[in-house]
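Worksheet for the structure shown next.
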Amino acid sequence: MSSIAMRLPRTLRVSRFLKCRMHSVFCSGNKIILPTTASLAFSVLSPASPVYSRFLNKEGAIFEEKKIVCPLHSYHESIHSQIEKMKEKARPKSIIELFVIAFEKIGSCFQLVLRAVFHLAIFAPVAMTSWFLFFPKLRLPWYHFLMISLQVCGATFVKLGQWAATRPDILPLDMCRELSTLYSTTRCIEFPKMKKIIERELGQKLEDVFDEIDLTPLGSGCIAQVYRARLKNSNDWVVLKVKRPHIDAYFESDLQLLSLLSSCLGTIPCMQYMKLQESIAIFTKMMYQQLDFRIEAVNLIHFRENFKDDDQFVFPDPYLNLTTPHLLVESYEAGTPLPVLMEHSSSKNAEIAYLGFMGFLHMLLVDNFLHADLHPGNILVRESVPCRIPLKKSICHRSFRFRESHSQLVFLDTGLVNELEESQKRNFVDIFIALAQGNGYEAGRLLVERAPQPSPPVIDPEGFMRDIGDLVNENMEDGVFNLANLEIANALTRMMSSSLAHHVTLDCRFVNLFMSVVILEGVGRQLDKNLNIIAAALPVMRYAFPQYGEVGEGMEVRRRLRCRRLRRILLLSSH
């Protein structure tokens, strides 16, 4: 056993019996290993491939590169801290400690009541004007009123509205469109307030770490603001993602109120189909992922490892020793925001469109580690980047590059990721291939047959299958389902209305994937009017699915597919 392993307590050395997943950090000086996990069971010890990240000394200069073995899942508490918490809970409490705990419980309940009264005062007018929904001309004003109310209630409800905007399976499409404006209506906070947070997290003055910092934020969201800075004694520009003040103050109570509300509404028969409790549970998990910036840092490491052999996709490099739950420091990646390119035509727009879809397929099929917040605002474009092809590569391989330079995509904001289970991945591939081949009836049958369980009985399943079949048949071109001929808003309305009418429950992750495809298709159509992503994806799906079936349930697609093979198929399918 290595000297590093001998430093571990016996509990961790027998991890093959505990079956815990580990996150190891190996340093060239003092050799340490830092395990992280969400529990002491339910996962197999399987460290990933090593990657490198830069560490800084107190003066801000790079003094060492450290080898990091990143986990397949990112967690924010170590086994040691969990064991200490378990011991603390098991330790007998004194009378004073019991009084303190009781006082804290009473304080939490009082805070919960105050938050409930506050939200009731905000949403009471929204509820009293809900009769506007019976009149088509009054619906849009009411949706706008709802959006403003969510803004007033704070970051938790703003994120709830943003997440609800991606769920046309349970909400009207016009409401989703109005709620999507929450992405661009966040106000900036003055820098002096954010400076206090940065210095608190770093434990030192800004001047001791950075030589220069731009006071104007690069971006502002409901959770964080982003600034650019230059490290002291270094020419490296970095990005500071700083959590807004008081975000965590009412987070727990807001989620408790949402959980209580969803439980009450779930008892209403007409609401049981919507599975509100499941939806709020997914939203709660999403919020926890976004509120701890260390999780985003680990996700960045994972993405950089997945795309280390492909220079067409770039992810920022996190500075782990400067990152805390409230502050993320990562390398500054220059590029043109994708929305800017979408407003102007360019000869490389078609290449950028296919490149973005290729990156999506790589995350989905090869890595099963998908960026769950892929919208144009989180993508930067670099044009005319020199190709880096080793001389040992064959002429045939290099011929797929076409030119001496190419475009690069920079993906930002990786706090949210999505990983499909084996059954969910198979369902997605089956349904996608059925749609691509124009077999809408088969796609409808799969949606009914593989609906999440338990779910209410489906009403007239044949009618639902015919509805999906008619929708697909109306948009066929050369034997392939063509999204370019499809009015997305109308199609979504018809599909979701049919699922509501027939009580067909749709898998939440499938809906999120479908929305990602719709967003990518919309972006790609603006860049290249002739783009048909389903036709382009069909060869990849046909290639991926047989391999997936051969390796069985317990193996990953990544062992069979390679990024270069994926590129060749996509480039050939586009010509």
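Okay, residues lined up against (1) acidic (Asp, Glu); (2) in contact with an Asp or Glu (Cβ under 8 Å, 6 or more places away or on another chain):
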{"residue": "Phe134", "(1), (2)": "no, no"}
{"residue": "Met147", "(1), (2)": "no, yes"}
{"residue": "Ala155", "(1), (2)": "no, no"}
{"residue": "Glu199", "(1), (2)": "yes, no"}
Answer from Ser234, Ser259 - the residue that is within 30 Å of His144 (Cα to Cα) and of a type in the set (S, T, N, Q): Ser259
Based on what the data block shows, is Asp248 surrounded by fewer than 16 Cβ atoms within 10 Å (Cβ to Cβ) and on the phi < 0 side of the Ramachandran plot? yes
Scan the range 117-140 for residues that are surrounded by 13 or more Cβ atoms within 10 Å (Cβ to Cβ) and assigned to a helix (DSSP H, G or I) and jot them down. Phe118, His119, Ile122, Phe123, Val126, Phe132, Leu133, Leu138, Arg139, Leu140
Residue list for the range 220-238, restricted to those being in contact with a Leu (Cβ under 9 Å, 6 or more places away or on another chain) and within 25 Å of Gly377 (Cβ to Cβ): Cys222, Ile223, Ala224, Gln225, Val226, Tyr227, Arg228, Ala229, Trp237, Val238
In the range 207-227, which residues are surrounded by fewer than 16 Cβ atoms within 10 Å (Cβ to Cβ) and touching a strand residue (DSSP E or B) at 6+ places or on another chain (Cβ under 7 Å)? Asp211, Glu212, Asp214, Leu218
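Listed here are the residues, each with its yes/no results for (1) assigned by TED's automatic domain parsing to the domain that holds Asp528; (2) closer than 24 Å to Glu278 by Cα; (3) at pLDDT 75 or above; (4) β-branched (Val, Ile, Thr).
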position	(1), (2), (3), (4)
Ser423	yes, yes, yes, no
Asn427	yes, yes, yes, no
Ile431	yes, yes, yes, yes
Tyr441	yes, no, yes, no
Leu446	yes, yes, yes, no
Pro452	yes, yes, no, no
Val472	yes, no, yes, yes
Asn490	yes, no, no, no
Tell me which residues, restricted to the range 337-357, are surrounded by 13 or more Cβ atoms within 10 Å (Cβ to Cβ) and over 25 Å from Phe514 (Cα atoms). Ser346, Lys348
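The values are calculated or read from the model by the stated rules, or taken from the named source; none is laboratory data. Keep in mind it's a predicted model, so treat the numbers as computed, not measured. All Cβ positions, glycine included, derive from the backbone under ideal geometry; neighbour counts span all protein chains shown.
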